[in-house]
1. Is at least one residue of the range 155-165 within 21 Å of Thr110 (Cα to Cα) and touching a residue at least 12 places away in the same chain (Cβ under 8 Å)?
2. Working only within the range 145-155, note down all residues that are crowded, with 19+ Cβ neighbours inside 10 Å, hydrophobic (A, V, I, L, M, F, W, C) and touching a helix residue (DSSP H, G or I) at 6+ places or on another chain (Cβ under 9 Å).
3. Does Ala96 qualify as being surrounded by fewer than 18 Cβ atoms within 10 Å (Cβ to Cβ), under 28 Å from Arg18 (Cβ atoms) and either touching a residue at least 40 places away in the same chain (Cβ under 8 Å) or out of contact with any Pro (no Cβ under 6 Å at 6 or more places or on another chain) (or both)?
4. Among the residues of the range 101-123, write down those that are in contact with a Leu (Cβ under 9 Å, 6 or more places away or on another chain) and over 20 Å from Asp62 (Cα atoms).
5. Any idea which of Ile168, Ile142 is out of contact with any Cys (no Cβ under 6 Å at 6 or more places or on another chain), of a type in the set (A, V, I, L, M) and either part of a strand (DSSP E or B) or crowded, with 21+ Cβ neighbours inside 10 Å (or both)?
6. Going by what's in this entry, would Pro10 be described as surrounded by fewer than 23 Cβ atoms within 10 Å (Cβ to Cβ) and either within 16 Å of the ligand (Cβ to nearest atom) or among the aliphatic types (A, V, I, L, M) (or both)?
7. Across the range 110-139, which residue is nearest to the ligand (Cβ to nearest atom) among those that are within 16 Å of Ala11 (Cα to Cα) and open to solvent by less than 10 Å² (accessible area, probe 1.4 Å)?
8. Could you please give the count of residues in the range 23-51 that are away from the ligand (no atom under 15 Å from the Cβ) and open to solvent by less than 50 Å² (accessible area, probe 1.4 Å)?
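The values are calculated or read from the model by the stated rules, or taken from the named source; none is laboratory data. None of the values given here were measured: they were computed from a predicted structure. Cβ placement follows ideal geometry from the backbone for every residue including glycine, while neighbour counts extend to all protein chains displayed. Quick note on the areas: whole protein, heavy atoms, side chains included, nothing else; ligands and nucleic acids left out. Shrake-Rupley method; radii C 1.70, N 1.55, O 1.52, S 1.80 Å.
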Amino acid sequence: MSAMGSVTLPAPPKVNLRLLVGPVRPDGYHPLTTLMVALDGPADAVTVTRADERQVECPGIDGPTNLAWAALDALEAEAGEALPPLAVHIAKALPAQAGIGGGSSDAATTLLAADQLLGLGLGAERLERAAADVGSDVPFFIRGGAQWATGRGEVLRPAEAPAFECVIVAPGTGLSTPAVYAAFDDLPAPPPDDHAPVPGTAAGLATWCRNDLWPAARTLDPALARLHADITAAGAAPALLCGSGSAICAIAADAAAADALADRLARALPGMHLLRAGFAGRAREGL
Ligand code: C5P
């Protein structure tokens, strides 16, 4: 949507259906092999407007500490010229520190919206380069859809993934990504990549999904093991830690099963933040 000098775009969450993590690199990052998908459903809304001076408004994370601020710096560096000041307003629907990429998605969407508002026409490749300066999983949100991500998460290759429906269950307590990776370093190495092919149906995800950060997240927040057991007992197949946590993605075969699962989870886990989402295999529109 573009009107009166402003652009508003949705910033969707992601889930890593497979997240394989290697030993820490000399630069402090961990090599990843991960299948990421952008979810349809609740999303943040990012509005970028021309302003007298730069501003980032986001409940709880205003100003220069917000990744959207770094996104505007990275956009300017990639454009190679001073850009007019912009105000970014982020309406949050996605919980923070949940592992569903909310802050990264907001930053990527800021790049897309600012590029559109200013008519820069940088294109996906240059926007992804700017995004990689902001954070490892920010380039993914420029592309959306389903992508294999390697490197520290910034090297993307289009993937196929089955359509599925899910409920994201976010506990009130988030997890810090660096803390989870540090805990990973103190635990035994996960098994090697079995290179199992991506299943063609949602039912196949039950045995294919894997997240190597799960033992580390559970160590940092032991309550997650009980939450995972409760979500599995409610019928999720599988119940999968989202990214570095703390949310858990409860996957169901189809929309009716996911709606019923959401009802059971709402009764079994009062007070949890539940997001009903899904993946239809569509690529993100807009570029
Ligand atoms: O790239 P980003 O700023 O999102 O990373 C945040 C932190 O997460 C890094 O400083 C690092 O501690 C950890 N990380 C990692 N390996 C990755 C991605 C992130 O260790 N592939």
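1. Yes, the range 155-165 has at least one match.
2. Listed by number, the list holds a single entry, Ala149.
3. yes
4. Listed by number, the residues that qualify are Asp115, Gln116, Leu117, Leu118, Leu120, Leu122, Gly123.
5. One residue alone meets the criteria, Ile142.
6. no
7. Val138
8. Matching residues across the range 23-51 total 12.
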